[in-house]
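Asker: If you scroll down you'll find the structure; I have some questions about it.
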Amino acid sequence: MARLLSLFRPQVFVAVLGRRNMSLDYVAREVFMAAVEAVQPDVVVRQALQRKNNSVIIGGRKFLLQNNVRVVGFGKAVLGMATEAERIVGDHLVGGVISVPHGIQETLRQHGKEQLLLKERSRIRVMEGAQHNLPDSDSMKAAECIAQLTSTLTDKDLLLVLISGGGSALLPAPIPPITLPEKLNITRKLAAAGATIQELNTVRRSLSVLKGGGLAKCAHPAQVVALILSDVIGDPLDLIASGPTVGGQVWREDVLAVLERYKLLDSAPASVKDVLGRLRPRQEVEEDKAGHVLNAVIGSNSIALQRAGHRAQELGFNPVVLSPGVCGDVRSVSHLYGLLARFACSNEEPLSEIAAKVLKLGPKVGVESTDLHRTMQSLEQARSQGGITCVLAGGEPTVELTGKGRGGRNQELVMRVGLELRGLQLPPHGPVFLSGGTDGQDGPTEAAGAVTDGGLHEKSQRQGLDISSFLHNNDSFTFFKSLSGGHNLLVPGLTCTNVMDVHVLIIPPSKTH
């Protein structure tokens, strides 16, 4: 059925949408939610942990259960992960501590997601903190409790470490004499200056007791198994939640380079300079040689995009995964999607010229030329056959803050893509673009992202909204909330997971075919 639909001509496609009562806006939201559902915390843990009698198999390795299991965790998805882990290991669980976002338990109850909550007599202690995704005294207390629990383990113990997006903010343990406000201030300035998540985590690791392999070192000689929901491009173990179970060397030169790049070294507090001045390579955790630590990525953006592609196909679209690692400034990323849309359906500019611009833009947005070529080949085929293409991508673009408005990278990206699509046909004959954070929260707002099409500029003008002013003030949420009563906003609520962002670009066949 999906193959047949992909060959439909525009007029037939519109008729199909009408019969199904589907708009492209609806389809984009459906595809996004399929991505989120694929990386639900209980689902990924259930797939990763296989219980067989008095043992558990993880990543092909068998671990004996002898009332010797402790669980620690930190991240936005960890509560659901811990609930499923406790169900699987059962009475072999001795105790545990997890650090989760402020208010998440009440939010889950309000949304009817009791299945992700620990049972009343759970042996795992839940500690909430990191309000507004920022480290605070509550999350610091949780980190101290986690460190205390792991420091008492022996070689007979099995420590399950549950890690997901948001883990860095929920495991703050600055190296003395650095205070939490000092560490928070320097990371906030880095984020505001447009630093990448890789750069942020490089600095965090260098200033933390538990990150950069510190937690695994603290738990030695216990067997450590980390189950990870990746929220970092490329799934680098040393950067996810700043690598608490991944040993390695933190080089002073790398940290100084980041601070100098954003002109923050001279203004750094004396405590930070003191720690950096005596920074030495951390003790490495030899996974393969000692078998002390097993790190397993059980959920990622790639997995989410794969499921999104399946859902798009079920709805009659031809899915094409561009890349799970889109990054760079939102201006460049929005231009990429605008160019791809024009490549697929514009009749005003030669395809070769658009293709050249796309390939030139690739390095700026972290997309390999082979992926761009493959995607454009699919789009060109759709032009000739009248197929319906759903371009899928993921990653984490950055926004340079120039104002004090309320918004997030997904909503700002959608605004800019809307401007890029200006002049193209409107749905159902023209493209629709969605960008959303899989954690359900885009910046300090209640929205995960938004949806747009080529009519965004004209619609905003009719409603007296100046897009340029909102963009300059980084006020994307206020813009979309004011536009058509917030119809364009993507508000799934707290999703209890996080594998970065998902981008959906649906391109129907050109009306001229």
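The values are calculated or read from the model by the stated rules, or taken from the named source; none is laboratory data. What you see is a predicted model; the values in this text were computed from it and never measured. When we count neighbours, we look across all protein chains shown, and the Cβ atoms used for this are built from the backbone with ideal geometry, even at glycine. Only protein heavy atoms, including side chains, enter the accessible area calculation; ligands, DNA and RNA are left aside. Shrake-Rupley method; radii C 1.70, N 1.55, O 1.52, S 1.80 Å.
Asker: Scan the range 467-490 for residues that are under 24 Å from the mean Cα position of the chain (by Cα) and part of a helix (DSSP H, G or I) and jot them down.
Answerer: Leu471, Ser476, Phe477, Thr478, Phe479, Phe480, Lys481, Gly486
Asker: How many residues are buried (at least 24 other Cβ atoms within 10 Å of the Cβ), in contact with a strand residue (DSSP E or B) (Cβ under 6 Å, 6 or more places away or on another chain) and of a type in the set (Val, Ile, Thr) when one looks only at the range 222-245?
Answerer: Qualifying residue count for the region: 4.
Asker: Okay, moving on. Only one of (1) surrounded by fewer than 24 Cβ atoms within 10 Å (Cβ to Cβ); (2) modelled with pLDDT under 95; (3) charged (D, E, K, R); (4) not in a helix (DSSP H, G or I) fails for Lys211. Which number is that?
Answerer: Answer for Lys211: the failing condition is (1).
Asker: Out of Asp136, Asp157, which single residue is open to solvent by less than 30 Å² (accessible area, probe 1.4 Å) and either over 19 Å from the mean Cα position of the chain (by Cα) or not aliphatic (A, V, I, L, M) (or both)? I'd like the intermediate steps shown before the answer.
Answerer: On the way: Asp136 fails: open to solvent by less than 30 Å² (accessible area, probe 1.4 Å).
Exactly one residue qualifies, and that residue is Asp157.
Asker: Oh, and also: Looking only at the range 188-204, how many residues end up being open to solvent by less than 20 Å² (accessible area, probe 1.4 Å) and either in contact with a Gly (Cβ under 9 Å, 6 or more places away or on another chain) or among the hydroxyl-bearing types (Ser, Thr, Tyr) (or both)?
Answerer: 1
Asker: Quick one: Ser302 ticks every box in (1) part of a loop (DSSP other than H, G, I, E, B); (2) farther than 20 Å from Val56 by Cα; (3) modelled with pLDDT of 95 or more; (4) not β-branched (Val, Ile, Thr) bar one, so which box is it?
Answerer: Every condition holds for Ser302 apart from (1).
Asker: Restricting to the range 55-78, what's the tally of residues that are open to solvent by 70 Å² or more (accessible area, probe 1.4 Å) and either at pLDDT 95 or above or in a strand (DSSP E or B) (or both)?
Answerer: 5
Asker: Okay, next question. Quick one: which strands (runs of 3 or more DSSP E) lie wholly within the range 92-168 and hold at least 1 residues that are under 18 Å from Val71 (Cα atoms) and acidic (Asp, Glu)?
Answerer: Values: elements: 93-101, 124-129, 158-163.
In the range 92-168, the matching strands (runs of 3 or more DSSP E) lie at 124-129.
Asker: Which of the residues that make up the range 387-415 are among the small types (Gly, Ala, Ser), within 24 Å of Pro428 (Cα to Cα) and part of a loop (DSSP other than H, G, I, E, B)?
Answerer: Gly387
Asker: Tell me, please, whether a residue that is β-branched (Val, Ile, Thr), more than 23 Å from Ile298 (Cβ to Cβ), at pLDDT 95 or above and assigned to a loop (DSSP other than H, G, I, E, B) can be found in the range 183-197.
Answerer: Step one: filter the range 183-197 for residues β-branched (Val, Ile, Thr), giving 186-187, 196-197.
Those left that are additionally more than 23 Å from Ile298 (Cβ to Cβ): 186-187, 196.
Adding the requirement that they be at pLDDT 95 or above leaves none.
For the range 183-197, residues β-branched (Val, Ile, Thr), more than 23 Å from Ile298 (Cβ to Cβ), at pLDDT 95 or above and assigned to a loop (DSSP other than H, G, I, E, B): absent.
Asker: Given the criterion under 24 Å from Glu314 (Cβ atoms) and touching a strand residue (DSSP E or B) at 6+ places or on another chain (Cβ under 9 Å), identify the matching residue among Asp442, Asp453. Even if it seems obvious, please write down each step before you answer.
Answerer: Numbers: Asp442 fails: under 24 Å from Glu314 (Cβ atoms).
Selected residue: Asp453, the only one of Asp442, Asp453 that is under 24 Å from Glu314 (Cβ atoms) and touching a strand residue (DSSP E or B) at 6+ places or on another chain (Cβ under 9 Å).
Asker: Looking only at the range 314-335, decide whether some residue is outside any helix (DSSP H, G or I), surrounded by 20 or more Cβ atoms within 10 Å (Cβ to Cβ), among the polar types (S, T, N, Q) and modelled with pLDDT of 95 or more.
Answerer: yes
Asker: Going by the conditions given, is Val367 among the β-branched types (Val, Ile, Thr), in contact with a helix residue (DSSP H, G or I) (Cβ under 7 Å, 6 or more places away or on another chain) and either outside any loop (DSSP other than H, G, I, E, B) or crowded, with 16+ Cβ neighbours inside 10 Å (or both)?
Answerer: Working: among the β-branched types (Val, Ile, Thr): yes; in contact with a helix residue (DSSP H, G or I) (Cβ under 7 Å, 6 or more places away or on another chain): no; either outside any loop (DSSP other than H, G, I, E, B) or crowded, with 16+ Cβ neighbours inside 10 Å (or both): yes.
Considered against the rule, which asks whether it is among the β-branched types (Val, Ile, Thr), in contact with a helix residue (DSSP H, G or I) (Cβ under 7 Å, 6 or more places away or on another chain) and either outside any loop (DSSP other than H, G, I, E, B) or crowded, with 16+ Cβ neighbours inside 10 Å (or both), Val367 comes out as no.
Asker: Mind telling me which of the residues Glu458, Glu446 ends up being of a type outside the set (Val, Ile, Thr) and either assigned to a helix (DSSP H, G or I) or in contact with a Cys (Cβ under 8 Å, 6 or more places away or on another chain) (or both)? Explain how you work it out, then say what you get.
Answerer: Working: Glu446 fails: either assigned to a helix (DSSP H, G or I) or in contact with a Cys (Cβ under 8 Å, 6 or more places away or on another chain) (or both).
Glu458 is the lone residue from the list that is of a type outside the set (Val, Ile, Thr) and either assigned to a helix (DSSP H, G or I) or in contact with a Cys (Cβ under 8 Å, 6 or more places away or on another chain) (or both).
Asker: With in contact (Cβ under 8 Å) with a residue 40 or more places away in the chain, within 28 Å of Leu305 (Cα to Cα), under 26 Å from the mean Cα position of the chain (by Cα) and open to solvent by 20 Å² or more (accessible area, probe 1.4 Å) as the only criterion, which of Met33, Met81 stands out? Walk me through it before giving the result.
Answerer: Working: Met81 fails: open to solvent by 20 Å² or more (accessible area, probe 1.4 Å).
Unique residue meeting the criteria: Met33.
Asker: Given the criteria touching a residue at least 24 places away in the same chain (Cβ under 8 Å), in a helix (DSSP H, G or I) and not basic (Lys, Arg), does Leu171 qualify? Steps first, please.
Answerer: Values: touching a residue at least 24 places away in the same chain (Cβ under 8 Å): yes; in a helix (DSSP H, G or I): no; not basic (Lys, Arg): yes.
Answer is no for this residue.
Asker: Identify all residues within the range 345-364 that are within 28 Å of the chain's Cα centre (by Cα) and either open to solvent by 10 Å² or more (accessible area, probe 1.4 Å) or of a type outside the set (Gly, Ala, Ser) (or both); write none if there are none.
Answerer: Of everything in the range 345-364, those that are within 28 Å of the chain's Cα centre (by Cα) and either open to solvent by 10 Å² or more (accessible area, probe 1.4 Å) or of a type outside the set (Gly, Ala, Ser) (or both) turn out to be Lys357, Val358, Leu359, Lys360, Leu361, Pro363, Lys364.
Asker: Among the candidates Thr452, Thr445, single out the residue that is at negative phi, surrounded by 24 or more Cβ atoms within 10 Å (Cβ to Cβ) and without any contact (Cβ under 8 Å) to a residue 40 or more places away in the chain. Write out each step before concluding.
Answerer: Details: Thr445 fails: surrounded by 24 or more Cβ atoms within 10 Å (Cβ to Cβ).
Answer to the selection: Thr452.
Asker: Kindly indicate whether any position in the range 457-466 is within 26 Å of the chain's Cα centre (by Cα) and among the small types (Gly, Ala, Ser). Give the derivation first.
Answerer: Start the filter on the range 457-466 by keeping residues that are within 26 Å of the chain's Cα centre (by Cα), which leaves none.
No, the range 457-466 contains no residue that is within 26 Å of the chain's Cα centre (by Cα) and among the small types (Gly, Ala, Ser).
Asker: Taking the range 227-266 as the search range and keeping residues that are acidic (Asp, Glu) and assigned to a helix (DSSP H, G or I), which one is farthest from Lys189 (Cα to Cα)? Step through it out loud before you land on a result.
Answerer: Pass one, the range 227-266, residues acidic (Asp, Glu): 231, 235, 238, 253-254, 260, 266.
Checking which are assigned to a helix (DSSP H, G or I) leaves us with 253-254, 260.
Numbers: Glu253: 19, Asp254: 18, Glu260: 12 Å.
That would be Glu253.
Asker: Which of the residues belonging to the range 491-513 are of a type in the set (A, V, I, L, M), open to solvent by less than 10 Å² (accessible area, probe 1.4 Å) and modelled with pLDDT of 95 or more? Lay out the reasoning, then the answer.
Answerer: Initially, the range 491-513 is screened for residues of a type in the set (A, V, I, L, M), giving 491, 494, 499-500, 502, 504-507.
If we keep only those that are open to solvent by less than 10 Å² (accessible area, probe 1.4 Å) as well, we get 499-500, 502, 504-507.
Val502, Val504, Leu505, Ile506, Ile507 - these are the residues of the range 491-513 that are of a type in the set (A, V, I, L, M), open to solvent by less than 10 Å² (accessible area, probe 1.4 Å) and modelled with pLDDT of 95 or more.
Asker: Taking the stated definitions as given, is Gly95 among the small types (Gly, Ala, Ser) and either surrounded by 21 or more Cβ atoms within 10 Å (Cβ to Cβ) or modelled with pLDDT under 95 (or both)?
Answerer: Numbers: among the small types (Gly, Ala, Ser): yes; either surrounded by 21 or more Cβ atoms within 10 Å (Cβ to Cβ) or modelled with pLDDT under 95 (or both): no.
No: the conditions fail for Gly95.
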